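Throughout, read-outs are computed from the coordinates displayed, never taken from laboratory work. Note that the coordinates shown come from a computational prediction; the quantities given were computed from them, not determined experimentally. Backbone-built Cβ (ideal geometry, glycine too); neighbour counts: all protein chains shown.
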Amino acid sequence: MSKLNNAITGYTYDDFLLVPNESWIEAKDVETRSKVSTNHELNIPVISSAMDTVTEAELAIALAHVGGLGVIHRNMTLEQEVNEVRKVKMSGDLTIRDVVTTSPDHSLSSVREIMVEENVSGLPVIDDGKLIGIISKRDIKPLITSDSKKKVKDIMTSDVVTVEDSISPEEALNIAYENKIERLPVVRNDKLVGIITIKDILNHKNYPQASRDKNGNLLVAAATGPFDLERAMALDEAGADIIAIDCAHAHNMNVVNFIEKIKDNISADLLVGNIATPEAAEALISKGVDGIKVGIGPGTICTTRIITGVGVPQLTAVSSVADVANDYDVPVIADGGLRYSGDIAKAIGAGADIVMLGSLLAGTYESPGDVVVMNGRKYKQYRGMGSMGAMTGGFGGGADRYFQEIKGHMKHSKLVPEGVEGAVPYKGTVNEVVFQLVGGLKASMGYCGAKNINDMKEKAKFVKITSSGIKESHPHDLLITNESPNYPTLE
Ligand code: XMP
């Protein structure tokens with residue numbers, strides 16, 4: 001009986017509301033920048049789940065564009081995951097490195113053919129490995145029929161304005177405008193290493209909130225298994241800014257003891273999870289982790305709590321880990337169970353620095369998989385990484401997360417799933433979804449009088465509510481006739 005008598009009560013998002021506070025700030029003026037790991041901050045406190053129906057390069061790019069961060073899942077081969085990381089890193093690169101070039105003796109008609117085939121409007125001219133000129137569609141257009149015998153060297157611009165790799169978008173734009181040119185060859189020791197176009201610079205400027213590294217490339221994180229050093233090192237080598245050890249129980253001491261081995265062999269920051277207790281937080285922090293992921297079983301697709309009887313309701317888990325981690329300045333990521341923007345605000349109010357979203361980002365245009373129509377409504381697949389489908393349908397990343405192993409033609413009946421497979425309504429683009437979520441968080445911060453995320457962590461006050469309180473909080477006593485973009489009703 002003493003075990004039951006001494007048990008603490010575990011609470012989750014629906015058990016509390018934030019209390020409105022004296023406020024001197026409005027939603028439009030709050031700052032949502034927050035630390036995701038020792039060396040990286042994001043403009044919005046949102047990262048995506050490392051799940052095979054949530055995060056591959058396309059979603060990671062879209063989320064980084066709006067200020068968040070994607071964690072590439074690991075239910076694929078090492079080569080495929082490395083490739084996804086590279087796609088994200090390259091997409092934000094101002095410099096196109098795979099440049100189509102021509103040589104001085106090429107005919108104008110062959111140059112035109114290349115331009116049409118490659119869909120480019122200008123080509124650097126290379127002789128003996130060196131950049132000696134540039135030729136554009138505009139240069140050859142008037143000559144192509146009248147004087148087709150002419151060669152590239154006869155009409156190319158030899159006085160080429162070049163730039164160095166380290167140039168900022170602003171500097172590149174100024175140089176391009178001053179010289180009235182559309183493309184800037186990037187050279188190192190007279191050798192062409194890439195090209196920057198005005199179109200790409202303007203594209204870069206379209207995302208002022210984007211999460212970028214010091215070279216201006218998009219930030220990306222990638223998941224690895226708790227003992228998969230080879231994968232961690234390959235992802236690090238490919239340029240992942242953050243590696244996330246993705247495991248259902250990171251307080252397993254074999255996992256804890258392997259952390260240093262991974263950390264010593266990578267330069268990226270290392271996030272580790274998942275845990276749900278202050279003791280586990282102490283154990284991870286003692287190994288020098290750069291961020292902690294919290295959540296055992298709160299997710300929409302999770303059955304861990306039902307199948308194993310283990311878990312801690314998420315608001316209690318987040319706040320008890322944050323009590324430890326905040327003292328060491330180690331970022332806390334609240335992972336799973338967030339259904340509305342209000343839950344994000346509550347997670348931060350309880351001490352989280354960042355939230356990790358699965359279901360809220362599954363079903364977006366950029367998440368992996370196709371849209372299916374059922375009963376006239378659009379859906380996309382969403383499944384737990386511990387579901388039978390993810391454990392048997394990928395490359396072992398699902399099973400491994402739950403300390404299970406797929407061997408040869410093993411029967412499904414030898415696996416014990418801790419997740420389910422389903423579908424979520426199609427939600428539009430990541431941009432649209434994140435706009436609503438961050439908008440709700442900002443409004444919440446306005447109510448709480450918090451000007452930034454740290455302020456929210458400190459100032460947020462909670463009121464415990466009853467089941468009638470929850471009932472009162474949701475719309476009630478009417479038939480909703482128009483669905484709101486931040487309150488889905490048609491499931
Ligand atoms: P949400 O609620 O955002 O949760 O959909 C996403 C998080 O759930 C975790 N996850 C799982 N947990 N069984 C579990 O118990 C599973 O099969 C499973 N798959 C994912 C994970 O932490 C994710 O970020």
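In table form, for the structure just shown:
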{"item": "Segments 3-14, 231-242 sorted - mean Cβ within 10 Å per residue, highest first", "result": "231-242, 3-14"}
{"item": "Most to least packed among 245-258, 327-340 [average Cβ atoms within 10 Å]", "result": "327-340, 245-258"}
{"item": "Order by protection proxy (mean Cβ within 10 Å, highest first), peptides 309-316, 221-228", "result": "221-228, 309-316"}
{"item": "Proxy reagent accessibility, fewest Cβ within 10 Å first, across L218, L479", "result": "L479, L218"}
{"item": "Over 31 Å between alpha carbons, listed pairs K380/K464; K214/K261; K261/K293", "result": "K380/K464"}
{"item": "Inter-site label distance for I480 and I465 at 7 Å from Cα along Cβ, in nm", "result": "1.4"}
{"item": "Quotient of Cα Rg and 2.2 N^0.38 Å for segment 71-227, N being how many residues it contains", "result": "1.24"}
{"item": "Projected label distance in nm at D98 and F435, using a 7 Å step from Cα toward the beta-carbon", "result": "3.2"}
{"item": "Fraction of antiparallel bridges per DSSP, the chain only, in percent to nearest 5", "result": "55"}
{"item": "Taking all pairs of distinct alpha-carbon atoms in segment 1-146, Kirkwood radius in angstrom", "result": "21.3"}
{"item": "DSSP bridge orientation in segment 116-266 - percent antiparallel, rounded to nearest 5", "result": "75"}
{"item": "Cα-based Kirkwood hydrodynamic radius, the chain, one decimal, Å", "result": "24.8"}
